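S.K.: Structure provided below as structure tokens; questions to follow.
The values are calculated or read from the model by the stated rules, or taken from the named source; none is laboratory data. Please read all numbers here as calculations on a predicted model, not as lab measurements. A quick note on method: Cβ atoms are made from the backbone with ideal geometry, for glycine too, and the neighbour counts reach across all protein chains shown.
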Amino acid sequence: MDIRVVIFDFDGTLADTRKPIVIAKQDTMRAAGLEVADEEACAATIGLTAKDGFRKLYPDLPEDQLDLLVIKYRKRFDELIVTMPPARFEGVDRVLETLKERDITKTIATSRNTKSLKDFLAQWNMADVFSYILCGEDTERLKPYPDPVLKTLEALSVSADQALVVGDMPVDIKMGKSAGAYACGVTYGNSNREDLLAAGADYVIDNIEELLDLL
């Protein structure tokens, strides 16, 4: 591979946000009088927008109720991360620094909303680490559609065969492959090797630092 740009997912790939996401979703369901989904069901929605995640869990709910759930969920999530702040996975900082040394461009494609992502990056003094960022509001179609990758490639004037998408969920892999890019799944997030391979992953790694060997 002649990789010029790495497109990272955020939740479950760079940042360990599983616990506050799951608790915030469950607290929101409980407050709304809904049947509370278990941890695995909630984690399976990570990678989708908050609204699409709730829609997946409650397909019969009308749009206005889904919108209300999103508002309450985001408020609860912001409360939780004060007491249980998400951390970067071990090895992330070394990987990002090494990619910089190798002159490989780093970007993010996430379904997280822009304010939330930029708040995290600012808190970690990483606002300038990534050359390009796409969030949930930035493309009409999100993962698993190729649009976030295609928009990133166009903005950076890079061809698909020079790009590697790195993510922890099948939707990340499908997004990358449908755009013609390489895709690498990580098993330490919210999915597993079997599902990532089934989604079409070219590579699957158990530690983010293994990415350096691929490049």
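S.K.: Return yes or no: is Arg4 surrounded by fewer than 18 Cβ atoms within 10 Å (Cβ to Cβ) and touching a Ser or Thr at 6+ places or on another chain (Cβ under 9 Å)?
M.R.: Values: surrounded by fewer than 18 Cβ atoms within 10 Å (Cβ to Cβ): yes; touching a Ser or Thr at 6+ places or on another chain (Cβ under 9 Å): yes.
Criteria met by Arg4.
S.K.: Output the number of the condition that Ala183 fails; it satisfies all remaining conditions of (1) part of a helix (DSSP H, G or I); (2) at pLDDT 95 or above; (3) among the small types (Gly, Ala, Ser); (4) under 24 Å from Arg18 (Cβ atoms).
M.R.: (1)
S.K.: Evaluate the following for Leu99: is it among the aliphatic types (A, V, I, L, M) and more than 21 Å from Gly189 (Cβ to Cβ)? Please lay out each step first, then the result.
M.R.: Details: among the aliphatic types (A, V, I, L, M): yes; more than 21 Å from Gly189 (Cβ to Cβ): no.
The answer is no for Leu99.
S.K.: Filter the range 163-207 down to the residues that are touching a residue at least 60 places away in the same chain (Cβ under 8 Å) and charged (D, E, K, R), then identify the one that is surrounded by the most Cβ atoms within 10 Å (Cβ to Cβ).
M.R.: Asp172
S.K.: Could I ask something else about it? If you take just the strands (runs of 3 or more DSSP E) that sit entirely in the range 69-173, which of them hold at least 3 residues that are over 22 Å from Ala201 (Cβ atoms) and not assigned by TED's automatic domain parsing to the domain that holds Asp11? Quick ask: steps written out before the conclusion?
M.R.: Working: elements: 105-109, 132-134, 163-167.
Here the list is empty.
S.K.: Inspect the range 189-211 for any residue being among the aromatic types (Phe, Trp, Tyr) and more than 26 Å from Pro86 (Cβ to Cβ) and give the result as yes or no. Even if it seems obvious, please write down each step before you answer.
M.R.: We begin by selecting, within the range 189-211, every residue among the aromatic types (Phe, Trp, Tyr); these are 203.
Checking which are more than 26 Å from Pro86 (Cβ to Cβ) leaves us with none.
No, the range 189-211 contains no residue that is among the aromatic types (Phe, Trp, Tyr) and more than 26 Å from Pro86 (Cβ to Cβ).
S.K.: Further question on the same structure: Hey, does the range 45-59 have a residue that's within 18 Å of Gly136 (Cα to Cα) and loosely packed, with under 13 Cβ neighbours inside 10 Å? If you could, list the steps in order and put the result at the bottom.
M.R.: Looking only at the range 45-59, we keep the residues that are within 18 Å of Gly136 (Cα to Cα), and these are 45-56.
Keeping just the survivors that are loosely packed, with under 13 Cβ neighbours inside 10 Å gives none.
The answer is no; no qualifying residue exists.
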